[in-house]
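The values are calculated or read from the model by the stated rules, or taken from the named source; none is laboratory data. Please read all numbers here as calculations on a predicted model, not as lab measurements. Note: ideal-geometry Cβ built from the backbone for every residue, glycine included; neighbour counts use all protein chains shown. Just so you know, the surface numbers come from the protein's heavy atoms only, side chains and all, with ligands and any DNA or RNA stripped out. Shrake-Rupley method; radii C 1.70, N 1.55, O 1.52, S 1.80 Å.
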Amino acid sequence: MTERHRSVLVVDDDDDIRELLALVLGARGYEVAGAGDGMRALAHLKGHPPPDLVLLDLMMPHLAGDDLVSLLREDPALSDVPVVILSGDGAACERAASLPVQGCLLKPVNLRDLLSTVERFADGHARS
Amino acid sequence: MARLGTFSPSAGVAHRLLRLTGRAPPPSETVQTTHQDGLELATAVRAAQVGTFAWDVDRDVVLASEELTRIHGMQESEFAKTFDAYLDLVHPEDVAVVRHVVVEALRRPGPFLFDHRIVRPDGATRTLHTQGDVERDAEGRPHRLIGSCWDVTEPAEARRELERSLSLVRATLEATENGILVVDRAGHVVACNQRFLDLWRIPPAVSRSGEDRKLLAFVRDQLGDPDGFFRKVQQLYASPDAESRDVLHFRDGRTFERYSRPQRIGDEIVGRVWSFHDVTDRERALTAREQFLAIAAHEIRGPLMSIQIAVQSLQEGMMPSEVAPRLLEVAERETTRLGRFVDQLLDVGRLRAGKLELQLDAVDLVDVVRESAAQMRTEAEHSGSAITVSAEARPIGRWDRLRLGQIVTNLLSNALKFGEGRPVEVQIGSLADQATLAVTDHGIGISRDALECIFEPFERRVSARHYGGLGLGLHIVHSLVRALGGRVSVSSEPGLGSTFTLVLPLGGP
């Protein structure tokens, strides 16, 4: 049996962050997809198998991060996908505490913390 | 001094007064007074310090009582003997009034009364109150004007002092930024200023009622929490000696500070004073500042993270070699982005302090636009919006090339950010000695409310939940365009897009 690639969806309106995370996580063997806002993330999720982790920014055009979380949790196919907030908003982690998400990283996050968080949730989800 | 002729019986009290002060001839047979009556009345008149006079109109002879000469600070022999001579004793500012009153009294039957000032020989000014009437002949022609007057300087001063105090209170009440309402213990409005009526948008029909109950009913719908508001009002009316300070939030976004304290006369509480201060602008500024700091942190953290991850990835040597140049590219782009961010903040500081220095030179607007559009290529690709430039003319003006480029870049960046991936068009033209530039997007557009403040610093026309950015770009555009002697305007339809139009004089600022 071949090992399935663990997949991460990066939802962030910052093009450079999406590109960078795709490069860095890609080099670690993750399959990385990106979406520039919540609406694009929803469109992506409809056409693809559920990812093992969603790294989610909060402040985005069209559909903000917290609104996307609510929609994910209402969808039976996506309700148990781990979501980790990745935001530059100083109050992001306080806000995340009241959201049905698995974790929160405040930008700028260092590489080690990013990788360990991704491994913990994406790998954990992939094994479950 | 001339003497007055015999009084006719109809002269009444005036006749008696004159006679009793020793200035009238003995009573005729028709005057029904006794010697004893006269003495008593004379004493009463002196005690009352009432002066009397008569003016024989036909002969222009004035007769004054001893008391009247004393009131004027004169000896009997010094007093005016004609009407014009009397006017010389009147305060210059009141001469016209006296003349007018006398002319009217002669013209129309009926008594008259008025106040005027006199100037005594020692220079002292006194105020006199005068009452009188005119005797007429059978044909109704006036032949004598008689009257009495007394010194009302002290009461007049007191009245003027009261008027001054009232005027001071009223002027202060109207000059204050606060809306003031004073209500008595029975719930009647004792006083309020125009500012109060304006702040609460109370129409005259409601304010005229003078009842606090009606004012409260009128303002109810404006409040964000009417029940809480009414609870507090009732609580304060139930505790007459209580003081209170709190904040009121309105449905339309306004914010007032409310201060209330009892009104006292001596130790007695007679009512309650309410003071309202509109702090909407201050609250908005505070919110804008907080939002600015949060967004500034957000705008810095994103690029910092990219640089940090890129650098750490390279340090750890974990990345395939072909990926390294891409990481460096990202790091460089993000460094530039941070640099632009800092420049923007510094520019706003310079613009606000008026310390912007312009390097004016002959600048080709079409060149500047094409250069800016080329610089924005990557941003345009990411946004999905294509930028097209069309030039009907090639205006060359005396401008600052760098600043003009900044204006165009900011407008393009704004159009890409809110353009929803639809095309962005730039049109260049000229009109007489002016260049025109229009940047049009077909994106989310701008609401009417947001249009009003779109060029203000830190104004963000969109929710901070959805769009980053400090809200400085358009403010910088506006300030730079003005510095170049031009103007910028915007037209927009929500959902259809926006056009920003610049007009720049070719001759420069």
Sole miss for B:Ala324 among (1) within 13 Å of another protein chain (Cβ to nearest Cβ); (2) within 26 Å of B:Met376 (Cβ to Cβ) is condition (2)
Exception for B:Gln375 within (1) farther than 20 Å from B:Arg333 by Cα; (2) modelled with pLDDT under 90 falls at (1)
The condition of being surrounded by fewer than 18 Cβ atoms within 10 Å (Cβ to Cβ), hydrophobic (A, V, I, L, M, F, W, C) and in contact with a helix residue (DSSP H, G or I) (Cβ under 9 Å, 6 or more places away or on another chain) holds, among B:Ala393, B:Ala450, B:Ala374, B:Ala435, only for B:Ala393
Quick check: anything in segment B:104-120 open to solvent by 60 Å² or more (accessible area, probe 1.4 Å), among the small types (Gly, Ala, Ser) and closer than 30 Å to B:Ala158 by Cα? no
Here is a check on your reading of the model: is B:Val408 under 25 Å from B:Glu299 (Cα atoms), in contact with a Leu (Cβ under 8 Å, 6 or more places away or on another chain), modelled with pLDDT of 90 or more and not in a loop (DSSP other than H, G, I, E, B)?
yes
Checked pairs for segment B:368-385, first touching a residue at least 12 places away in the same chain (Cβ under 8 Å), second open to solvent by less than 30 Å² (accessible area, probe 1.4 Å) and among the charged types (D, E, K, R), C-beta under 8 Å and 6 or more apart or across chains, list as B:Ser385/B:Asp441
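Matching residues to (1) of a type in the set (D, E, K, R); (2) in contact (Cβ under 8 Å) with a residue 12 or more places away in the chain; (3) surrounded by fewer than 19 Cβ atoms within 10 Å (Cβ to Cβ):
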site	(1), (2), (3)
A:Gly34	no, yes, no
A:His48	no, yes, yes
A:Met59	no, yes, no
A:Ala64	no, yes, no
A:Asp67	yes, yes, yes
A:Leu78	no, yes, yes
A:Asp89	yes, yes, no
A:Gly103	no, yes, yes
Every listed condition ((1) in contact with a strand residue (DSSP E or B) (Cβ under 8 Å, 6 or more places away or on another chain); (2) without any contact (Cβ under 8 Å) to a residue 24 or more places away in the chain; (3) surrounded by 15 or more Cβ atoms within 10 Å (Cβ to Cβ)) holds for B:Glu243 save (3)
If you go through segment B:268-278 one residue at a time, do you hit one that is without any contact (Cβ under 8 Å) to a residue 40 or more places away in the chain and more than 10 Å from every other protein chain (Cβ to nearest Cβ)? yes
Here the residues within segment B:288-321 that are under 12 Å from A:Pro108 (Cβ atoms), out of contact with any strand residue (DSSP E or B) (no Cβ under 8 Å at 6 or more places or on another chain), open to solvent by 30 Å² or more (accessible area, probe 1.4 Å) and at the interface with another protein chain (Cβ under 7 Å from one of its Cβ atoms) are B:Ala297, B:Leu304, B:Gln308, B:Gln312
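Please verify whether B:Asp115 is at pLDDT 90 or above and assigned to a loop (DSSP other than H, G, I, E, B), treating the condition exactly as stated.
Judged against the criteria, B:Asp115 is not a match.
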By my count, helices (runs of 4 or more DSSP H) wholly in segment A:38-128 with at least 2 residues that are within 12 Å of chain B (Cβ to nearest Cβ) are A:38-47, A:65-74, A:92-97, A:111-118
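Quick one: which of B:Val233, B:Val270 is in contact with a Leu (Cβ under 7 Å, 6 or more places away or on another chain), under 18 Å from B:Gly187 (Cβ atoms) and not small (Gly, Ala, Ser)?
Sole residue among the options that is in contact with a Leu (Cβ under 7 Å, 6 or more places away or on another chain), under 18 Å from B:Gly187 (Cβ atoms) and not small (Gly, Ala, Ser): B:Val233.
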Inside segment A:1-32, the number of residues satisfying the requirement of being within 13 Å of another protein chain (Cβ to nearest Cβ), surrounded by fewer than 20 Cβ atoms within 10 Å (Cβ to Cβ) and assigned to a loop (DSSP other than H, G, I, E, B) is 2
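One line per residue, one yes/no per condition, for (1) in a helix (DSSP H, G or I); (2) open to solvent by less than 80 Å² (accessible area, probe 1.4 Å); (3) charged (D, E, K, R):
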site: B:Val323; (1), (2), (3): yes, yes, no
site: B:Leu328; (1), (2), (3): yes, no, no
site: B:Arg333; (1), (2), (3): yes, yes, yes
site: B:Gln344; (1), (2), (3): yes, yes, no
site: B:Leu351; (1), (2), (3): yes, yes, no
Those helices (runs of 4 or more DSSP H) completely within segment B:1-106 that have 3 or more residues that are at pLDDT 85 or above are B:66-71, B:83-87
**Prompt:** Based on what the data block shows, is A:Ala96 surrounded by 14 or more Cβ atoms within 10 Å (Cβ to Cβ) and among the small types (Gly, Ala, Ser)?
**Reply:** yes
So, first residue within 16 Å of B:Arg46 (Cα to Cα) in segment B:57-79, second residue among the hydroxyl-bearing types (Ser, Thr, Tyr) and open to solvent by less than 20 Å² (accessible area, probe 1.4 Å), Cβ within less than 6 Å, six or more apart or across chains; the pairs are B:Ser65/B:Thr52; B:Glu76/B:Thr69
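Can you name the residue in segment B:64-86 that is among the acidic types (Asp, Glu) and under 13 Å from B:Trp150 (Cα atoms) and, of all such residues, is least open to solvent (accessible area, probe 1.4 Å)?
Across segment B:64-86, the extreme among qualifying residues is B:Glu67.
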Result of the Cβ filter at 8 Å on segment A:7-23, keeping first residues that are more than 21 Å from B:Thr336 (Cβ to Cβ) and partners that are of a type in the set (Phe, Trp, Tyr), at least 6 apart or interchain, is A:Ser7/A:Tyr30; A:Val8/A:Tyr30
